[in-house]
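Notes follow the structure.
The values are calculated or read from the model by the stated rules, or taken from the named source; none is laboratory data. Quantities reported herein were computed from a predicted structural model and do not represent experimental measurements. Ideal geometry is used to build each Cβ from the backbone, glycine not excepted, and the neighbour counts take in all protein chains shown. Quick note on the areas: whole protein, heavy atoms, side chains included, nothing else; ligands and nucleic acids left out. Shrake-Rupley method; radii C 1.70, N 1.55, O 1.52, S 1.80 Å.
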Amino acid sequence: MPRRKPQRKNTRRTAPPDDSEGSLFGSAMMRQESGPAGYADESFIVRTIPGARATKSYRCPGCDHDIRPGVAHLVTWPAEYGGAEDRRHWHTGCWSGRSTRGLTRRWS
């Protein structure tokens, strides 16, 4: 069995660079992107949800399929007027293809 090299005791961990595109929100990174087709002129806040933190089931507005618990996905909301009721949970692939298709589900 191979042995590991012993680590030096005086090693320092470097802080993450300050020039990142997103901002830290709790323990998740947020960034600002253009919206889906029909809303491309609006700016949306996008937050990544890792699979370990995804505990509920949601409906993706891009494909109208379920996002099951344990599946990593994105949460988006309008940057200017968005509140808790304006948040939408998207599959990562559906959000990436948002410019080629519009919303499949409408809310009143």
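Take the residues of segment 7-49 that are touching a Pro at 6+ places or on another chain (Cβ under 9 Å) and of a type in the set (Ser, Thr, Tyr): which is modelled with the lowest pLDDT?
Looking at the filtered set, the residue picked out is Tyr39.
Read through the list (1) open to solvent by less than 50 Å² (accessible area, probe 1.4 Å); (2) over 19 Å from Cys94 (Cβ atoms); (3) at pLDDT 90 or above; (4) hydrophobic (A, V, I, L, M, F, W, C), then give the number of the only condition that Ala52 fails.
(1) is the only condition that Ala52 fails.
Which of the residues spanning segment 37-90 are part of a loop (DSSP other than H, G, I, E, B) and touching a Cys at 6+ places or on another chain (Cβ under 9 Å)?
Cys60, Pro61, Gly62, Cys63, His65
Which numbered condition trips up Arg101, out of (1) modelled with pLDDT of 70 or more; (2) outside any strand (DSSP E or B); (3) among the basic types (Lys, Arg)?
Looking at each condition in turn, Arg101 falls short on (1).
Do you know which residues across segment 58-70 are over 10 Å from Arg88 (Cα atoms) and surrounded by fewer than 16 Cβ atoms within 10 Å (Cβ to Cβ)?
Asp64, His65, Asp66, Arg68, Pro69, Gly70
Of all residues in segment 35-47, which are touching a residue at least 40 places away in the same chain (Cβ under 8 Å), open to solvent by 40 Å² or more (accessible area, probe 1.4 Å) and either within 15 Å of Ser96 (Cβ to Cβ) or in contact with a strand residue (DSSP E or B) (Cβ under 7 Å, 6 or more places away or on another chain) (or both)?
Within segment 35-47, just Ala40 meets the criteria.
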